[in-house]
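Novice: Structure in structure tokens, see below.
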Amino acid sequence: MTQQTITLIGGGLVGALLAQLLAKRGFAVKVFEKRPDPRREGFVGGRSINLALAERGLQALRTAGLADDVLQRAVMMRGRMVHPLQGVSGLQRYGVDDSEVIWSVSRGGLNMLLLDAAEAAGVTFHFGQGLAAADLDTQRITLVDETGTQRQHEAAVLVGADGAGSALRAAMNDYMPLGQRVEPLGHGYKELEIPPATGASHFAVEPHALHIWPRGGYMCIALPNTEGSFTVTLFLPAHGPHPSFDTLPDAAAASEFFRQDFSDLLPLIPNFAEDYDQHPVGSLSTLYLDRWHIDGRALLIGDAAHAIVPFHGQGMNCGFEDTVVLANLLAEAGRDTANAFSEFQRIRKPNADAIAAMALENYIEMRDSVADPRYLAKRELGARLAERAPHYFMARYRMVTFTHLPYAYAYDRGRAQDVLLDQLLRDSSDVENVPLDAAVSALRATLPPLPPLRLDSGLIAAYRSTDYRVRLAKGGFTSIRVDAPVPDALRALIGSHSWAFITAWHPFSQTQPRDQNHVAQQALLAALRKLPSTAAIYPAIGVGQDWREPSFFVVGPALAQTDALAQQFHQNAYVHGLAEGHARLRLTSGEPPRGQAG
């Protein structure tokens, strides 16, 4: 069989990583990028010079075999160094220790590393080729270079990784409305620089931190670079009364503003006037789409599908997480790209919507709350609960930044935890007045345990190797195996229906008392019986190397229904299939493994 060709529009961070992952899975990948090759022409800026790399992005880079190379070019950041207008600066750690840190990476350096890796995997890049038009009916695209010369290219399968201003998205929206909404934040940004220091450390301020100067409705932040400099970003309202970019049109006005509001920062920026006058004001918006794809012909990914504001440091990480999910789905879909694209949107859109909301909330936290006594009290109480009951409480920031939990789960869990913290502190904002034993009891009574924070390969391997046994009406069992055809003994029972092998036993694969398991299993059985689409339910059992879990083999419910039940009963995964097709392992975490069906 000939290689399936996939055409990518955009060779930035997400496009280059996706291209490499697809090439490693056997696809012929062609990438068209409107900018010149940064390895030959130099990196073209215009966006943030450095970015925050967290666990989700690192996991995608591990999948590509590139994590170690990237970390050698990154600077560790342990937490937020908060610089109040008055008072002493202090570090607010991101995690519990140095195992939970984020990394400052150069956008340009990372892009060039990813381009090299993709080319080494067999990807073909065409630089200086912007998308001028896409005819989805004839499956041809028109490309244009800097001289205006146009050429045509066949593109049966198109993926747009061309950023927030995506040309492919515009072409798709002209062909079929995508339900596009762009919500401006109303704030803009301007980048400045703290140069390397002359001392032995080369850094003018603490290097292993993201520095924040919170000032209520606005702020400055600074991220370290490997050579000793810091990229400083000023965030201000774009318009309106002072202070806004309207009221600070030039360096003279801005210098006076900095002397009053950022007096400790201004002396660290010797080229302030030049930086301020030469660097443009960037805009900040959130992009929402109702549709990310047009059947199996075109799909959007990363910022092209779900651009967000930068205040959670997750834009790149979310895009990188996208690439792994999409590469796995396409690898298992054969040539059924329509199903893969549909499944990609189903898995990723709720998570993209969740991180968009959290990024907006984090802006308020960074500019306002980090110096607010109520926020600090909730943060301290949350830290104590996490220490006393780590399986029940984790700060939302840690869930987003240091785990593989779906963004949507982190968002919902974070809101529930915040309500509990408010209740515990309703009578006093002094954490010392909150009885910790009673608070832990309230936590355990209110919220279920957290799922596995990182679904490791060993656990997935255990799910794959399980013997999924279904009891037959005439006696005995027949076994379902992941990625194998349905056994003959079940084909007549299934017919043309979808089916699932599912349990409520041991939520999140964590041992639970037998009586609690039995109650949950009866509740699952009742839920299955209530579904109008359920055609039949058979007793079953999952048998692993040293464990057995009573289960159900159910015929009829749609995939969305069994997904909902697996999530309701806190199962990491279940097995499903359609008619006589292969049995597939389906994770509920939002990241399908190789072999997951759509």
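Novice: Taking Cα atoms, how many degrees apart are the long axis of helix 55-64 and the longest axis of the chain, rounded to 10 and kept between 0 and 90?
Specialist: Roughly 70 degrees, rounded to the nearest 10.
Novice: Here's a follow-up. Using a probe of 1.4 angstrom, how much of the accessible area of the chain is carbon and sulfur, in percent?
Specialist: Its accessible area is 51 percent carbon and sulfur atoms.
Novice: May I ask you to list the trypsin sites (Lys or Arg not before Pro) in segment 441-472 that are in a DSSP loop and have at most 15 other Cβ atoms within 10 Å of their Cβ?
Specialist: 454
Novice: Heavy atoms of the protein only, probe of 1.4 Å, neighbouring chains included. What is the accessible area of residue 233 in Å², nearest 10?
Specialist: Approximately 10 Å² for this residue.
Novice: Applying 1/(1 + (r/R0)^6) with R0 = 25 Å to the Cβ-Cβ distance of residue 250 and residue 197, what FRET efficiency is obtained, to the nearest 0.05?
Specialist: With R0 = 25 Å, the Cβ-Cβ based efficiency is 0.35.
Novice: How far, in degrees from 0 to 90, does helix 13-24 lean away from the longest principal axis of the Cα atoms of the chain, to the nearest 10?
Specialist: On a 0 to 90 degree scale, this one is about 40.
Novice: Could I ask something else about it? I'd like to check one number: the per residue accessible area of segment 350-424, probe 1.4 Å, reported in Å² as a whole number.
Specialist: 39 Å²
Novice: Just report the Cα centroid separation between segment 178-230 and segment 530-552, whole Å.
Specialist: Measuring centre to centre over Cα atoms gives 53 Å.
Novice: Could you work out the local net charge near residue 550, counting Lys and Arg as +1, Asp and Glu as -1, over the other residues with Cβ closer than 15 Å to its Cβ? Please report the intermediate quantities before stating the final value.
Specialist: Numbers: positive: 469, 471, 514, 548; negative: 467, 515, 549.
That works out to +1.
Novice: Report ³J(HN,Hα) in whole Hz for each residue of segment 323-330, in order, from the Karplus equation J = 6.51 cos²θ - 1.76 cosθ + 1.60 where θ = phi - 60°; Gly and Pro get x.
Specialist: Per-residue couplings from phi come out as 4, 5, 4, 5, 4, 5, 5, 5 Hz.
Novice: Just to confirm a number: summing +1 for Lys and Arg and -1 for Asp and Glu over residues other than residue 468 whose beta-carbon lies under 15 angstrom from that of residue 468, what do you get?
Specialist: On the way: positive: 464, 469, 471, 481, 548, 584, 586; negative: 467, 483, 549.
Local charge sum for residue 468: +4.
Novice: Please give the solvent-accessible surface of residue 147 in Å², to the nearest 10, using a probe radius of 1.4 Å with every protein chain present.
Specialist: Looks like 100 Å² after rounding.
Novice: Got a sec? Which residues in segment 210-245 would a label at residue 264 touch, if it sits 7 Å along Cα→Cβ and we count backbone N under 11 Å?
Specialist: 212-214
Novice: Could you work out [θ]222 nm for the chain from helices alone, using -39500 (n - 2.57) per DSSP H run of at least four and dividing by all its residues? Round to the nearest 500 deg cm²/dmol. Please list the in-between numbers first.
Specialist: Numbers: 19 runs with 221 residues, N = 598.
Value at 222 nm, helices only: -11500 deg cm²/dmol.
Novice: How about segment 380-443: which trypsin sites (Lys or Arg not before Pro) there are in a DSSP loop, with at most 15 other Cβ atoms within 10 Å of their Cβ?
Specialist: Within segment 380-443, the qualifying trypsin sites (Lys or Arg not before Pro) (loop, at most 15 other Cβ atoms within 10 Å) are 426.
Novice: Can you list the residues, at least 5 places off or on another chain, whose amide H is less than 5 Å from the amide H of residue 4, using H built in the peptide plane?
Specialist: Correct list: 28.
Novice: Kindly report, to the nearest 10 Å², the accessible surface of residue 460 as traced by a 1.4 Å probe over protein heavy atoms only.
Specialist: 30 Å²
Novice: I need the phi-derived Karplus couplings for segment 430-441: 6.51 cos²θ - 1.76 cosθ + 1.60, θ = phi - 60°, integer Hz, Gly and Pro marked x.
Specialist: 9, 4, 5, 8, 9, x, 5, 4, 5, 5, 5, 4
Novice: Order 332, 146, most accessible first, counting only protein heavy atoms with a 1.4 angstrom probe.
Specialist: 146, 332
Novice: On to the next question. So between residue 380 and residue 514, what do we pick up on full extension, going 0.36 nm a residue minus the alpha carbon distance?
Specialist: Using 0.36 nm per residue and subtracting the Cα-Cα distance, I get 44.6 nm.
Novice: Report the local net charge at residue 270: Lys and Arg +1, Asp and Glu -1, summed over other residues whose C-beta lies under 15 Å from its C-beta.
Specialist: -4
Novice: I've got another one for you. What is the set of long-range amide H partners of residue 142 at a cut-off below 5 Å, with H atoms built 1.01 Å from backbone N?
Specialist: Those qualifying (amide H under 5 Å, at least 5 residues apart or on another chain) are 132, 133, 134, 135.
Novice: Which whole-angstrom value gives the distance between the alpha carbon centres of segment 34-98 and segment 398-445?
Specialist: A separation of 28 Å, based on Cα centres.
Novice: Rounded, prolate or oblate for the chain? Axes are the square roots of the Cα gyration tensor eigenvalues, ordered a ≥ b ≥ c, and the cut-off for rounded is a/c under 1.5.
Specialist: Judged from the Cα gyration tensor, the chain comes out oblate (a/c at least 1.5, b/c at or above a/b).
The values are calculated or read from the model by the stated rules, or taken from the named source; none is laboratory data. Just so it is clear, the structure is predicted and the values come from calculations on it, not from any experiment. When we count neighbours, we look across all protein chains shown, and the Cβ atoms used for this are built from the backbone with ideal geometry, even at glycine. Accessible surface areas use protein heavy atoms only, side chains included; no ligands, DNA or RNA. Shrake-Rupley method; radii C 1.70, N 1.55, O 1.52, S 1.80 Å.
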